[in-house]
Every structure is written in structure tokens, then in C-alpha cells.
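Before any comments, here is the structure.
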Amino acid sequence: MARTGRPRGFDRDEAVTQAMHLFWEHGFEGTSLDQLRRAMGGISSASFYAAFGSKKALYRETLDAYLRGHGMVMAALRDESLSPRDRLEQALRRSAVMQTEADHPTGCMVTLSATICSADASVVRSLTAAERAANREAIRTCVDTAIADGTLRSGTDPFGLAALFDGLLVGLSIQARDGVSGEQLNAAVTQVLRAWDTNSSTSGGAGTGSPADNRLRVNG
């Protein structure tokens, strides 16, 4: 007789974590229902749908879990207790560290798991697109705030500078997935911050320490 119930000891939170890692590693459409069921201890298809409703609904749940956990590295972008430059630096450096950690797939789930999908998965693609758009807007807010308060020169190109930082943020995922080290990604952050300092209205500019100093400040 076919098994229709969940295995004894089924842990929903652990099942969601396992599913998150699969979507993160292989993408929404690259992850099969069979892979998801096996990662959850071999539950039946009936039990899967009873627990999660659909693959798309499960993806939404795993994305929410990612954003509450690993994705919190981006919270600094919206921390108004920090200067705009520090918001950008901390978000980028923490993202570089998180995306190269060994205990989960490399890169960023928001960038990698549903960027390119078929029309049938357009709803899933829109979820991650909305998150990227929100980060893009937060980056632009950092630039606009710094121009408004005089930290950056009035002639600074807000569109170009914001796009530069957003481009690095998204690009970290591809490089991390290709095996580029966290140290190298941190070095890239140091380089891109020089574009901010070039546009600074002050002569000294922040962030003149070494990459190692900056990592210590972020992680300390």
C-alpha cells in the first residue's frame, strides 16, 4: 500500500530549510518535486501538497525564510542610524561574507534562484525582482541622502553611482557561485567605495583603512 502520510518526526521548519537550499542551489525551475520530497525525508506527493499547497507556495515560504535569515545582511541599507556610506559598506561587506560561507549554497538566493524563468513561473520571478528593486531603491536613497546633506558633491551623478553599487551587489552572486573568495569580493567592495570617496565633498573621505581593517569593523 502506498504511503500517504508524513514520516514520523516530520519537521516543517527543517523541511523548509532543506527546500530553501535546493532552490538556492538549483533555482526554482531546476529543483524538481522529487528532489524536494527526498530532501524532506521522502514524504509522499499527497503529503507534500497537503503541507505546502504547491511548489510555488513552498518557494514563497523559503524566500521569506531566506530574507528573515541570510538576507538580513541587507538590513544595514535601511539603518538610518548609520551614515549613507556606512549603510552601503556594511551591506556589501556582510553580503560578500554571507555569500561565500561554506554551510549553505554560495551566492544570493534572491539573485540566483528565479532571475530567468519560463512564463509559467513569472509570479516567482516577480518575487525576487521586487526584492532586488527594493534594494536598488535603498541604495539610491543612500546616494540621494548624501547629496542632500552635502556629504557628496552636488554635481554627483546619483543614477550612475547608485547603479555602480547595485551592479556590484548583484555581481557578487555570480562571482561567489563561480568560486571567487570572500576576501576577493571584499577587495572589490573596497575598490567600489572609492567611487563614493571621489565624489565626497570632504578631502579626507571615509574608508581609508585597509580591507582587513574594514572587515574587522563590519564583523566586530
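The values are calculated or read from the model by the stated rules, or taken from the named source; none is laboratory data. Here the structure is a predicted model, which means the values were calculated and not measured. Backbone-built Cβ (ideal geometry, glycine too); neighbour counts: all protein chains shown. Only protein heavy atoms, including side chains, enter the accessible area calculation; ligands, DNA and RNA are left aside. Shrake-Rupley method; radii C 1.70, N 1.55, O 1.52, S 1.80 Å.
One residue alone among ASP11, ASP64, ASP34 is at negative phi, within 21 Å of the chain's Cα centre (by Cα) and acidic (Asp, Glu), and that residue is ASP64.
With respect to MET1, determine if the residue is modelled with pLDDT under 95 and of a type in the set (A, V, I, L, M, F, W, C). Taking the combined requirement at face value, the residue satisfies it.
Residues in the range 48-69 that are touching a helix residue (DSSP H, G or I) at 6+ places or on another chain (Cβ under 7 Å) and among the polar types (S, T, N, Q): THR62 alone. Restricted to helices (runs of 4 or more DSSP H) entirely inside the range 25-127, those with at least 2 residues that are open to solvent by 40 Å² or more (accessible area, probe 1.4 Å) and over 30 Å from GLY150 (Cβ atoms) are 33-39, 45-52, 55-68. Of all residue pairs spaced 6 or more apart or on separate chains, those with beta-carbon atoms under 7 Å, a first member in the range 173-186 that is in contact (Cβ under 8 Å) with a residue 40 or more places away in the chain and open to solvent by less than 20 Å² (accessible area, probe 1.4 Å) and a second member that is in a helix (DSSP H, G or I) and not aliphatic (A, V, I, L, M) are SER173/GLN99; SER173/THR111; ALA176/GLN99; LEU185/GLN175; ASN186/ARG93; ASN186/PRO211; ASN186/ARG215.
Which of the following residues is farther than 21 Å from LEU82 by Cα, among the polar types (S, T, N, Q) and modelled with pLDDT of 95 or more: SER118, SER113?
SER113
Kindly indicate whether any position in the range 49-58 is of a type outside the set (Lys, Arg), closer than 22 Å to SER173 by Cα and in contact (Cβ under 8 Å) with a residue 40 or more places away in the chain. Looking through the range 49-58, none of the residues is of a type outside the set (Lys, Arg), closer than 22 Å to SER173 by Cα and in contact (Cβ under 8 Å) with a residue 40 or more places away in the chain. ALA162 fulfils the conditions (1) closer than 22 Å to THR202 by Cβ; (2) open to solvent by less than 20 Å² (accessible area, probe 1.4 Å); (3) touching a residue at least 40 places away in the same chain (Cβ under 8 Å) except for a single criterion, (3).
In the range 184-220, of all residues being in a loop (DSSP other than H, G, I, E, B) and under 22 Å from ARG140 (Cβ atoms), the one that is modelled with the highest pLDDT corresponds to ASN199. The condition (being at pLDDT 95 or above and under 24 Å from GLU29 (Cα atoms)) is satisfied by just one residue among SER181, SER173: SER173.
Let's see how each residue does on (1) under 30 Å from THR31 (Cα atoms); (2) touching a Cys at 6+ places or on another chain (Cβ under 7 Å); (3) not basic (Lys, Arg):
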position	(1), (2), (3)
ASP79	no, no, yes
ARG85	no, no, no
SER118	yes, no, yes
VAL123	yes, no, yes
ALA138	no, no, yes
GLY160	no, no, yes
